[in-house]
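Bear in mind that the values in this text are calculations on the coordinates, not laboratory data. For clarity, every value in this text was computed on a predicted model and none was experimentally measured. Heads up, the Cβs are rebuilt from the backbone with ideal geometry, glycines too, and the neighbour counts pull from every protein chain shown.
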Amino acid sequence: MDAIRLNTIVQKDGEIAITGLPYKKGEQIEMILLARPARKAARRALTARQLRRSRLIGLWKNRRDIQDSAAYARQLRAEAQRRS
């Protein structure tokens, strides 16, 4: 089974237009439509200067409950991956 991925935006409620498909009259096809979730606002990447000024660096330095901040960050990332 071949698959063709087309991305489009619905211009009129309940209607989409698909043209230019490689199929001939009489061929059977199956269509599955998947709605994409709305995109969140794009985050702008910080420059190195902005990151240094952001107070993110050293955020955990005075925490007594975190002995190894790199290991703690890895643990948080691993937990976030499991939640997804």
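Measuring from centroid to centroid over Cα atoms, what is the spacing of segment 1-51 and segment 56-73 in Å?
Measuring centre to centre over Cα atoms gives 42 Å.
Find, among the GluC sites (Glu not before Pro) in the chain, those assigned to loop by DSSP (not H, G, I, E, B) with at most 10 other beta-carbon atoms within 10 angstrom.
Taking the chain and a limit of 10 other Cβ atoms within 10 Å, the loop GluC sites (Glu not before Pro) found are Glu27, Glu30.
With springs only between Cα atoms under 10 Å apart, run a GNM on the chain and tell me which of Ala38, Ala17, Ala48 wobbles the most.
Of Ala38, Ala17, Ala48, the Gaussian network model singles out Ala17 as fluctuating most.
For the chain, what does the helix formula give at 222 nm: sum of -39500 (n - 2.57) over DSSP H segments with n ≥ 4, over the residue count, nearest 500 deg cm²/dmol?
Result for the chain, helices only: -7500 deg cm²/dmol.
Could you check the spin-label model distance between Glu30 and Leu51? Points 7 Å from the Cα along Cα→Cβ, value in nm.
4.6
Straight-line reach from Lys25: which lysines fall under 30 Å, measuring Cα to Cα and dropping same-chain residues less than 8 apart?
Partners found: Lys12.
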